[in-house]
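Peer 1: Structure provided below as structure tokens; questions to follow.
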Amino acid sequence: MDRGKICGATLTRQAQQKTNFLFSILYSQMDGKSLEPARILTHFESDYAAAPKVEMRRGQVVTNIIPDFEAKRWVGLLGRIEEAPFMPIGRSQIEVSFNKDSELLARRMPGFHWMTGYGDYMCEVGYALRRVGIAWDTL
């Protein structure tokens, strides 16, 4: 396993009001090797402190983890980044395509937060979760 590739962002789908943003420009190593452009913005929900807005690479394969709230069962879904929009919600946003039935995903999705990391780490995440007693439900 290439440890340098593991990195991710938590995504939410909460409706929020618009805030002021754009403080500076920086770069982020989402795969541990390549630099992705990023901006430092205010934290969206509070408008305080700072949060990164990484311009995630279109076409990038990603591992999506959808945890439950009790740390008993997590759902895994492999996908591909199609777009990295900038909408008045959260900070790190991506549109992900996947080759699974969306109704099946909706039925088996245990929570509403997703953790996303560059690369295909479905096997590694499953292995780690078995070690700590969390079920890994892959789609």
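Peer 1: Could you tell me whether any residue of region 61-75 is modelled with pLDDT under 90, of a type in the set (A, V, I, L, M) and either surrounded by 15 or more Cβ atoms within 10 Å (Cβ to Cβ) or not in a loop (DSSP other than H, G, I, E, B) (or both)?
Peer 2: Checked against the condition, which is being modelled with pLDDT under 90, of a type in the set (A, V, I, L, M) and either surrounded by 15 or more Cβ atoms within 10 Å (Cβ to Cβ) or not in a loop (DSSP other than H, G, I, E, B) (or both), region 61-75 yields no hits at all.
Peer 1: Are any residues in region 114-136 under 24 Å from D31 (Cα atoms) and part of a strand (DSSP E or B), and if so, which ones?
Peer 2: Once the filter is applied, which keeps residues that are under 24 Å from D31 (Cα atoms) and part of a strand (DSSP E or B), region 114-136 yields W114, M115, T116, G117, Y118, W136.
Peer 1: In addition: Residue check, P52 against (1) surrounded by 18 or more Cβ atoms within 10 Å (Cβ to Cβ); (2) in a strand (DSSP E or B), all met but one. Which one?
Peer 2: Unmet condition: (1).
Peer 1: Could you tell me which of the residues K100, K33 is touching a helix residue (DSSP H, G or I) at 6+ places or on another chain (Cβ under 9 Å) and either in a loop (DSSP other than H, G, I, E, B) or free of Cβ contacts under 8 Å to residues at least 60 places away in the same chain (or both)?
Peer 2: On the way: K100 fails: touching a helix residue (DSSP H, G or I) at 6+ places or on another chain (Cβ under 9 Å).
Among K100, K33, only K33 is touching a helix residue (DSSP H, G or I) at 6+ places or on another chain (Cβ under 9 Å) and either in a loop (DSSP other than H, G, I, E, B) or free of Cβ contacts under 8 Å to residues at least 60 places away in the same chain (or both).
Peer 1: Find the residue count for region 93-113, including only residues that are within 23 Å of M30 (Cβ to Cβ), surrounded by 14 or more Cβ atoms within 10 Å (Cβ to Cβ) and hydrophobic (A, V, I, L, M, F, W, C).
Peer 2: Within region 93-113, residues that are within 23 Å of M30 (Cβ to Cβ), surrounded by 14 or more Cβ atoms within 10 Å (Cβ to Cβ) and hydrophobic (A, V, I, L, M, F, W, C) number 3.
Peer 1: Where residues in region 36-49 are of a type in the set (A, V, I, L, M, F, W, C) and part of a loop (DSSP other than H, G, I, E, B), which of them is modelled with the lowest pLDDT?
Peer 2: This residue is F44.
Peer 1: Does K33 satisfy the criteria of being crowded, with 17+ Cβ neighbours inside 10 Å, at pLDDT 70 or above and either over 25 Å from A135 (Cα atoms) or touching a Cys at 6+ places or on another chain (Cβ under 7 Å) (or both)? Show your work before the answer.
Peer 2: Details: crowded, with 17+ Cβ neighbours inside 10 Å: no; at pLDDT 70 or above: yes; either over 25 Å from A135 (Cα atoms) or touching a Cys at 6+ places or on another chain (Cβ under 7 Å) (or both): yes.
Answer is no for this residue.
The values are calculated or read from the model by the stated rules, or taken from the named source; none is laboratory data. None of these values were measured; they are calculated from a predicted model. Neighbour counts are summed over all protein chains in view; Cβ atoms, including those assigned to glycine, are modelled from backbone coordinates with ideal geometry.
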